[in-house]
1. Note down the nm distance, to one decimal, between modelled labels 7 Å out along Cα→Cβ at E57 and at E74.
2. Label V46 and L120 with points 7 Å out from Cα along Cα→Cβ: what is the distance between them in nm?
3. In the neighborhood of L54, defined by Cβ-to-Cβ distances under 15 Å, what is the net charge if each Lys or Arg adds +1 and each Asp or Glu adds -1?
4. Taking K and R as +1 and D and E as -1, what net charge do the other residues with C-beta under 13 Å from the C-beta of V129 add up to?
Amino acid sequence: MRRAALLLGAMATACGGAADGAPREVARAGAMRVAAPFAYAPRDSVAGALYLVLTHEGPGADTLDAVRVDGVREVVLHASDAAMAAGAAPAGPLAVIDAATPLALRPGGAHLMLLGLARLPAAGGAWDVTLTFRRAGPLRLTVPVLAYGDPTPLDD
């Protein structure tokens, strides 16, 4: 069953990165651009989190229909920690990304929650991730795993 799509106006946040202030692009599929992906080394097999910035550079919008991470049972898009503390349910695995508003998933805010980890990559390791967009199709990328406290791609 499909869960409701998240409109991103409430979730967008500013990010650091390239000289123009935008995070560095690491992958692209059609009009979808992925920048600044990273995860912290998970502490246990229950859950972890993945962060990145999605930008749509074409007309209209695109929808993130699915996220697959090798070695992870389920991936859901969680709202901010404050919304979760207030009793909000996970937002589900879908997001609508329009040209005007990038989706910035970052610590303390919205993030991709990784549930049921079959392996625990240490700092210096990586997750193999496939993002599937309705219009742009699948986009594969390798997401670096960092130690807590390490500089992130959002800090560049």
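Each value in this text was obtained by applying a stated rule to the coordinates, not by laboratory testing. The structure presented is a predicted model; accordingly, all values stated were derived computationally and were not measured. Reconstructed Cβ throughout: ideal geometry from the backbone, glycine too, with neighbour counts over all protein chains shown.
1. 3.6 nm
2. The answer from the label model is 1.3 nm.
3. Working: positive: R24, R28, R33, R106, R134, R135, R140; negative: E25, E57, D62, D65, D98.
Surrounding charge for L54 is +2.
4. Surrounding charge for V129 is 0.
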